[in-house]
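Just so you know, all these numbers are worked out from the coordinates, no wet-lab data involved. Since the structure is predicted, the reported quantities are computational estimates derived from the model, not experimental observations. Quick reminder, even Gly has a Cβ in these numbers, built from the backbone with ideal geometry, and neighbours come from all protein chains shown.
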Amino acid sequence: MADQETKKIEIEAYLYSRKAPTDQQKKRLQNFLEDQYHKSVEIIWKEDANAGNGFRIEAGPSIPGSKWSPDKIYDWSAAGKSRQLKEQIKQAMRGRGDVMSLIQQTLADFEPVPLAEEVGAVLTVGDGIATVSGLEKAEYGEVVVFACGIKGMILDLKETEIGCIIFGDESEIVEGSMVCRTKKVAGIPVGEDFLGRVVDALGNPVDGKGPIKEADYYPIENPAPGIIDRQPVCEPMETGLLAIDSMFPIGRGQRELIIGDRQTGKTAIALDTILNQKGKETICIYVAIGQKASSVAQLAETLRRRDAMEYSIIINAPASDSATLQYIAPYAGCAMGEYFMHMGKDVLIVYDDLSKHAIAYRTLSLLLERSPGREAYPGDVFYLHSRLLERSAHLSDALGGGSMTALPIVETQAGDVSAYIPTNIISITDGQIFLESDLFHAGQRPAVNVGLSVSRVGGAAQTKAMKKATGAIRLDLAQYREMEVFMQFSSDLDDATKRQLRYGQGLMRLLCQEQYHPYAQHEQVILLVAALGHVFVDIPAPKIPECSRGLLAAVRDDLTDLCTKIDCTGQLSDEDRQTILDYARCFFKQTDKAQ
């Protein structure tokens, strides 16, 4: 009885060949499989005329009461040999020039060996998720291929089954269909030819301009650079927006969050920053997650009209796409940025927006039957964004000195920055620009709340000229806000208080800026020096935009050398500062006389 138990058949193996094997051949195959599985194996022969002079073995555990499916395939058929030969030629050709001699050498050295493929079977499929059994050695993040040719990615590992997200039409996948491991992680094609194009989350063009030639293939999930591989953030990434560059400077390699309610100008800030990179050899990547297709098309057209598309890439995972594509879109964009960063270039990447990304991941996690936590998000939702944003860095000179600056966007509800996702991302990033609805509706554009916004890099990311010109503008604005509150309860104000209020109102009006009109560095320095020198204090607030434009045009014509010096060197001496003040006072006196 004990001997019968030890000889109990645990593995079934089906041998496909043109001729039936001899007893000796069958015994050798059985010994080979028992060495692989460490279990008893029964081999069943099935005739297959397409096997040629070779054979194919499909093996898997025999579980009573359940449908049998193979977990390994050993292919030594004619088709299997052909696949091996093609793969060896493909591997050998990478980075080689003489193709014909290479193919001849590969053919001469070719020795076919049994190729073991680990396969599984689909248990359930639906809502972009497939559960698969049989892939015991599968890894998290690995790509699998279904029998119909559609690919998926492993996102959940359990003891007896795995959960896959599907990249494609799930209607072609049925219960019981075969699934094969690829032993590769999910990736995206990258290259210079992607500049100026609109692609989906898998790197496929969606702008109707034809295929894109790829230069390399980057995994969408990559470890973030270590401490030794980075250098301090000390070079400015100028947005062209006076309110941001003066008070909340962004450096190359920084992660600055743009946060605010719906329709407060978040995307407008990111778009102006992209436009301001024209001529600065910066690659810009805009990742649209869950946006309307019409909004993305409008943004692409805006970039084209202003000649910014030539250095930009748009990765679009619209609201009509599945949660799977919305989930991988920012990682795909980050991989695209890493390609250029490793080439030593500067990259600006915008994630618009990560609150929709978190919702897509929550959808996938609930479908994978993971335990919900706060607001039904899974427990690893913090890691979801930290592993993405930590990949932005300023690399050391030994690695080429490239950088990737991230501008993640998060939408709040009724200005609540203490919600789950906003607080998570605030704790990951190096500062935030908070946009307030009340300021936006009052006409303050960009509607930056000076009190709640911060840049943790600070003056390290400013040129000396900007640092000197900025002075104590944040302190002046804070005093004005306090004084403005008390002014509501008092009707009789002294002259000094009135002058201070006019000065604060003038500063606020000066910080208003039209969209698509970023300032150059010398223009920002001139306006700040004049404003903090109280030159605008006697000008009515409504006239400040017109007067500032006139001043900049006059300085551009009369002080050309000074403007060039500020832009090229980033320096501002005391004499230069005094020259700007004297010129501004003289200009406004002449303007008053002319009126």
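As a rough footprinting exposure proxy, the listed residues 370, 362 were ranked by other beta carbons within 10 Å of their own, and the order from fewest upward is 370, 362.
Applying 1/(1 + (r/R0)^6) with r as the Cβ-Cβ distance of residue 32 and residue 161 and R0 = 25 angstrom yields a FRET efficiency of 0.35.
What net charge is computed for the residues neighbouring residue 387, neighbours being all others with C-beta under 10 Å from the C-beta of residue 387, Lys and Arg scored +1, Asp and Glu -1?
Once positives and negatives cancel, what remains is -2.
Would you please name the trypsin sites (Lys or Arg not before Pro) within the stretch 178-212 that are DSSP coil residues with at most 14 other C-beta atoms within 10 Å of their C-beta? Of the trypsin sites (Lys or Arg not before Pro), the ones in loops of the stretch 178-212 whose Cβ has at most 14 other Cβ atoms within 10 Å are 209. Helix 293-305 and the longest principal axis of the Cα set of the chain meet at an angle near 60°. Orientation-averaged projection of the stretch 193-462 equals 14.0 nm² [convex hull of Cα atoms, one quarter of hull surface area].
Take every pair of alpha-carbon atoms less than 8 Å apart whose residues are at least six positions apart; their mean separation over the length of the chain yields a relative contact order of 11 percent. How high is the relative contact order of the stretch 456-587, in percent, counting Cα pairs under 8 Å that sit 6 or more residues apart? Relative contact order of the stretch 456-587: 35 percent. Between residue 137 and residue 374, the modelled label-to-label distance comes to 4.1 nm, taking each label 7 Å out from Cα in the direction of the beta carbon. Using only the C-alpha atoms, the convex hull of the stretch 118-185 corresponds to 68 Å³ per residue. In degrees from 0 to 90, rounded to the nearest 10, what is the angle of the helix 560-569 Cα long axis to the longest principal axis of the chain? With rounding to tens, the tilt is 40 degrees.
Between residue 397 and residue 50, the FRET efficiency from the beta-carbon distance, with R0 = 60 Å, is close to 0.55. With angles folded into 0 to 90 degrees, how steeply does helix 521-532 sit against the dominant principal axis of the chain? Use alpha carbons for both and round to 10. In the chain, helix 521-532 runs at an angle near 40 degrees to the longest axis.
Between beta-carbons, use under 9 Å as the cut-off and find the net charge around residue 212, counting Lys and Arg +1, Asp and Glu -1.
Combined, the nearby Lys, Arg, Asp and Glu give +1.
By its C-alpha gyration tensor, with a ≥ b ≥ c as the square roots of the eigenvalues, how is the stretch 175-269 shaped: rounded for a/c under 1.5, else prolate for a/b larger than b/c, else oblate? Judged from the Cα gyration tensor, the stretch 175-269 comes out prolate (a/c at least 1.5, a/b above b/c).
Counting charges near residue 246 (Lys, Arg +1; Asp, Glu -1) among other residues having Cβ under 10 Å from its Cβ returns a value of +1.
When 356, 292, 345 are sorted by how many other C-beta atoms sit within 10 angstrom of their C-beta, beginning with the fewest, the order is 292, 345, 356. Taking the number of Cβ atoms within 10 Å of each Cβ as an exposure proxy, the fewest-first ranking of 230, 255 is 230, 255. Spin-label model, residue 549/residue 310: points 7 Å from Cα along the beta carbon direction are separated by 2.7 nm. Here the Karplus curve 6.51 cos²θ - 1.76 cosθ + 1.60, taken at θ = phi - 60°, turns the phi angles of the stretch 372-387 into couplings of x, x, 4, 6, 6, 6, x, x, 9, 5, 5, 5, 3, 8, 5, 6 Hz, with x standing for Gly and Pro.
For the chain, the Kirkwood hydrodynamic radius from C-alpha pairs, put into Stokes-Einstein at 20 °C and a viscosity of 1.002 mPa s, yields a diffusion coefficient of 76 µm² per second. Taking label points 7 Å from Cα along the Cα-to-Cβ direction, residue 484 and residue 460 give a separation of 3.2 nm. One equal scatterer on each Cα of the stretch 469-594, no solvent, Debye formula: the resulting log10 I(q)/I(0) at q = 0.13, 0.17, 0.22 Å⁻¹ is -0.56, -0.91, -1.36.
Considering only beta bridges that DSSP places wholly inside the chain, some 60 percent are antiparallel.
Could you tell me the distance between the Cα centroids of the stretch 452-517 and the stretch 545-580, to the nearest Å? Cα centres, the stretch 452-517 to the stretch 545-580: 21 Å.
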